[in-house]
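**Student:** I am attaching a structure below and will ask some questions about it afterwards.
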Amino acid sequence: MTKEKNPNFDSPCPIRLLPWLGMSSIAEQLTHIREQGLWRELVATSPLGEHKIERNSKTLWNFASNDYLGLASHPAIREALIDGLSRFGHGAGASRLICGSSPAHHALEEKIAACKGTDRALLFSSGFAVAIGTIPALLGKDDVVILDKLSHACLIDAARLSGATVRVFPHNDLTKLEKILRSVREKYPSQTRILIITESVFSMDGDTAPLAEMVELKEQFGALLLVDEAHGFGVLGDTGAGLSESLGLRGKIDLQMGTLSKAAGLAGGFLAASGEIIDLLVNRARSLIYSTAPPPALAWAACRAVDLIGSAEGRTLRSDLQKKIRLLTGITKPHASPIIPLIIGSNENALQAAKNMANAGFLVPAIRYPTVPKNSARLRLSLSATHPDEAILALRDQISLLQATNFLS
Ligand SMILES: *Cc1c(COP(=O)(O)O)cnc(C)c1O
């Protein structure tokens, strides 16, 4: 297929993908990345407990993690992990479809399905693997996928990998989404499968999608809806099932995607859906079929995490988290999510602001293109239910200093 004929290359979708620069050598490519202020590197970071970390021999308060409920160091989950190791060992040994499907995986899937209010759920080794496995299993070249412009990289990559026609609507723009749906239904054969994709809580902005209206639209146009609750699961809803629960929509979303690596404090991803969709994934999702099952002990610990999220303790942690978010009121727009972007603009200023924060004792990462659109580089801070109040108040003072020096637009 030529570039011109493949709609994927023409669509406005390649947001967040670095353009092909035509560099002759890797060294030139690296120089170019540096010159753009887009250099990234790995820094060894040791957790010291209680939201402190050590980095470059310095101790910092950690405001960078997605550990929204403090479960990444919760003693009950650690115990469950150790218990899981002694029951099931540490390696699955093979793909789920060969001999790697442990009772721990099955137990976890039942718990997730119950939490999400679906027939079934399917565990993958990561949230990224869910997207890459699910979307190409569901759609092919005759189908259409319609994504919110700020969708996570794994959703964009998966949409492109599927070979379906990729359309993008501006962030949370329902009018534009409806227009695209209408034009696809007019131009394509009636059996064309249409999949709408959005996040529930957006990972880099912390705002939420208008899910009720999106459910109405998908019903009106006979489309499917996939909602990535990576940042909603555990955080929103009375039992922590996510934004879909807090809006009363659990039964109305065809594909509910989530991860166990954020609020659940572990690793792994899941898709909750009808039995029919799960059967299709077991037969077609390549990141499930051709990848070794996640360690069963991890699934066993995740069972404990999912129970905890749905328990009275989970509810208390969610209400504590809301109190922590309110400690920053005035600095930020009021919203329910613990993700708070401080938009700066240029890469250089964002990097300098992150450096200032580190000098003051806070790890608050600078987020740059292609993770966020160009000229919207920012500090992204994330709160946890178990952050001490005094650390948040000290951070608040540092943010005020940034505002005073005009770093924040
Ligand atoms: C983190 C994230 C993922 C990927 O989940 P992992 O389990 O970390 O692979 C997917 N979608 C969104 C929106 C995310 O923020």
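**Student:** Which residues, counting only those in region 321-339, are surrounded by fewer than 23 Cβ atoms within 10 Å (Cβ to Cβ), touching a residue at least 12 places away in the same chain (Cβ under 8 Å) and under 22 Å from the mean Cα position of the chain (by Cα)? Can you show your working first?
**Tutor:** Residues of region 321-339 that are surrounded by fewer than 23 Cβ atoms within 10 Å (Cβ to Cβ), as a first pass: 322-336, 339.
Cutting the leftovers down to touching a residue at least 12 places away in the same chain (Cβ under 8 Å) gives us 322, 324-325, 327-328, 331, 335-336, 339.
Hits for region 321-339 are Q322, K324, I325, H335, A336, I339.
**Student:** From the list L97, L85, L174, which one is surrounded by 16 or more Cβ atoms within 10 Å (Cβ to Cβ), touching a residue at least 24 places away in the same chain (Cβ under 8 Å) and either of a type outside the set (V, I, T) or closer than 20 Å to A273 by Cα (or both)?
**Tutor:** Values: L97 fails: surrounded by 16 or more Cβ atoms within 10 Å (Cβ to Cβ); L174 fails: surrounded by 16 or more Cβ atoms within 10 Å (Cβ to Cβ).
So the residue among L97, L85, L174 that is surrounded by 16 or more Cβ atoms within 10 Å (Cβ to Cβ), touching a residue at least 24 places away in the same chain (Cβ under 8 Å) and either of a type outside the set (V, I, T) or closer than 20 Å to A273 by Cα (or both) is L85.
**Student:** I'd like the residue in region 247-259 that is in contact (Cβ under 8 Å) with a residue 60 or more places away in the chain and under 23 Å from D320 (Cα atoms) and, out of all such residues, is nearest to the ligand (Cβ to nearest atom). I'd like the intermediate steps shown before the answer.
**Tutor:** Just the residues of region 247-259 that are in contact (Cβ under 8 Å) with a residue 60 or more places away in the chain, to begin with: 250-251, 255-259.
This time we only want the ones that are under 23 Å from D320 (Cα atoms), so: 258-259.
Details: G258: 9, T259: 4 Å.
Across region 247-259, the extreme among qualifying residues is T259.
**Student:** Can you tell me which residues in region 203-231 are within 16 Å of the ligand (Cβ to nearest atom), without any contact (Cβ under 8 Å) to a residue 60 or more places away in the chain and assigned to a loop (DSSP other than H, G, I, E, B)?
**Tutor:** The one that is within 16 Å of the ligand (Cβ to nearest atom), without any contact (Cβ under 8 Å) to a residue 60 or more places away in the chain and assigned to a loop (DSSP other than H, G, I, E, B): E229.
**Student:** Show the residue pairs that are 6+ apart or on different chains and have beta-carbon atoms under 8 Å apart, the first residue being within region 149-171 and farther than 24 Å from R286 by Cα, the second being away from the ligand (no atom under 15 Å from the Cβ) and among the hydrophobic types (A, V, I, L, M, F, W, C).
**Tutor:** What qualifies is K149/V168; K149/F169; V168/C13; V168/I146; F169/I146; F169/L177; F169/I180.
**Student:** Collect the residues in region 283-320 that are more than 16 Å from the ligand (Cβ to nearest atom), surrounded by 16 or more Cβ atoms within 10 Å (Cβ to Cβ) and under 19 Å from I98 (Cα atoms), keeping them in residue-number order.
**Tutor:** Matches in region 283-320: I289, P296, A297.
**Student:** Next up: Restricting to region 120-152, name every residue that is in a helix (DSSP H, G or I) and within 8 Å of the ligand (Cβ to nearest atom). Break it down stepwise before answering.
**Tutor:** First, pick out the residues of region 120-152 that are in a helix (DSSP H, G or I): 127-138.
G127, F128, A129, V130, A131 - these are the residues of region 120-152 that are in a helix (DSSP H, G or I) and within 8 Å of the ligand (Cβ to nearest atom).
**Student:** Just to be sure I understand, how many residues within region 246-261 are surrounded by fewer than 22 Cβ atoms within 10 Å (Cβ to Cβ) and either within 24 Å of F128 (Cα to Cα) or in contact with a Leu (Cβ under 9 Å, 6 or more places away or on another chain) (or both)? Lay out the reasoning, then the answer.
**Tutor:** At the first step, the residues of region 246-261 found to be surrounded by fewer than 22 Cβ atoms within 10 Å (Cβ to Cβ) are 246-252, 254, 261.
Cutting the leftovers down to either within 24 Å of F128 (Cα to Cα) or in contact with a Leu (Cβ under 9 Å, 6 or more places away or on another chain) (or both) gives us 246-247, 249-252, 254, 261.
Looking only at that region, the number is 8.
**Student:** Restricting the search to region 68-95, which residues are touching a Gly at 6+ places or on another chain (Cβ under 9 Å) and farther than 20 Å from G265 by Cα?
**Tutor:** A92, G93, A94
**Student:** Give the number of residues within region 188-202 that are in a loop (DSSP other than H, G, I, E, B) and either within 16 Å of the ligand (Cβ to nearest atom) or in contact with a strand residue (DSSP E or B) (Cβ under 9 Å, 6 or more places away or on another chain) (or both).
**Tutor:** Start the filter on region 188-202 by keeping residues that are in a loop (DSSP other than H, G, I, E, B), which leaves 188-193, 200, 202.
Next, only the ones that are either within 16 Å of the ligand (Cβ to nearest atom) or in contact with a strand residue (DSSP E or B) (Cβ under 9 Å, 6 or more places away or on another chain) (or both) stay: 188, 192-193, 200, 202.
Qualifying residue count for the region: 5.
**Student:** With the structure loaded, tell me whether L381 is touching a Leu at 6+ places or on another chain (Cβ under 9 Å), on the phi < 0 side of the Ramachandran plot, outside any helix (DSSP H, G or I) and not small (G, A, S) or whether it fails that test.
**Tutor:** Numbers: touching a Leu at 6+ places or on another chain (Cβ under 9 Å): yes; on the phi < 0 side of the Ramachandran plot: yes; outside any helix (DSSP H, G or I): yes; not small (G, A, S): yes.
Criteria met by L381.
None of the figures in this text is laboratory data; all of them are computed from the coordinates on show. Small disclaimer: the values here were computed from a predicted structure and weren't measured. All Cβ positions, glycine included, derive from the backbone under ideal geometry; neighbour counts span all protein chains shown.
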